[in-house]
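Enquirer: First the structure, which I've put down as C-alpha cells, then a few questions once you've had a look.
The values are calculated or read from the model by the stated rules, or taken from the named source; none is laboratory data. This one's a predicted model, so the numbers in the text were calculated from it and none came from an experiment. Using ideal geometry, Cβ is built from the backbone for each residue, glycine included, and neighbour counts are taken over all protein chains shown. Heavy atoms of the whole protein, side chains included, go into the accessibility calculation; ligands, DNA and RNA do not. Shrake-Rupley method; radii C 1.70, N 1.55, O 1.52, S 1.80 Å.
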Amino acid sequence: MNGSLVGRATELTRLVRVLDAAASGTAGVALIGGDAGIGKTRLAAELVSEARERG
C-alpha cells in the first residue's frame, strides 16, 4: 500500500496475530467493524498485503 497506516498499529498487530495463528494451522476468525470512514478497508488491505508478502 502507498503511505503509512496511521493510528491502527494496535488493530493491525491483533490481526497479524490471527494471521500467524492461521499460518501455524490454528483456525480463527477476526472481525473488523466500526463506523463508515474509519479505515476498515485500509486495515484489511494492510493485512492482505502482509499475507501476500508471506506467501
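Enquirer: Find all pairs meeting these conditions: Cβ atoms under 7 angstrom apart; at least six residues apart or on different chains; first residue within the stretch 23-43 and over 24 Å from residue 6 (Cα atoms); second residue of a type outside the set (Lys, Arg) and not in a loop (DSSP other than H, G, I, E, B).
Expert: Close Cβ pairs satisfying both conditions: 28/18; 28/21; 28/22.
Enquirer: Which ones in the chain are of a type in the set (A, V, I, L, M, F, W, C), open to solvent by less than 80 Å² (accessible area, probe 1.4 Å) and either part of a loop (DSSP other than H, G, I, E, B) or touching a strand residue (DSSP E or B) at 6+ places or on another chain (Cβ under 9 Å) (or both)?
Expert: 5, 30, 32, 38
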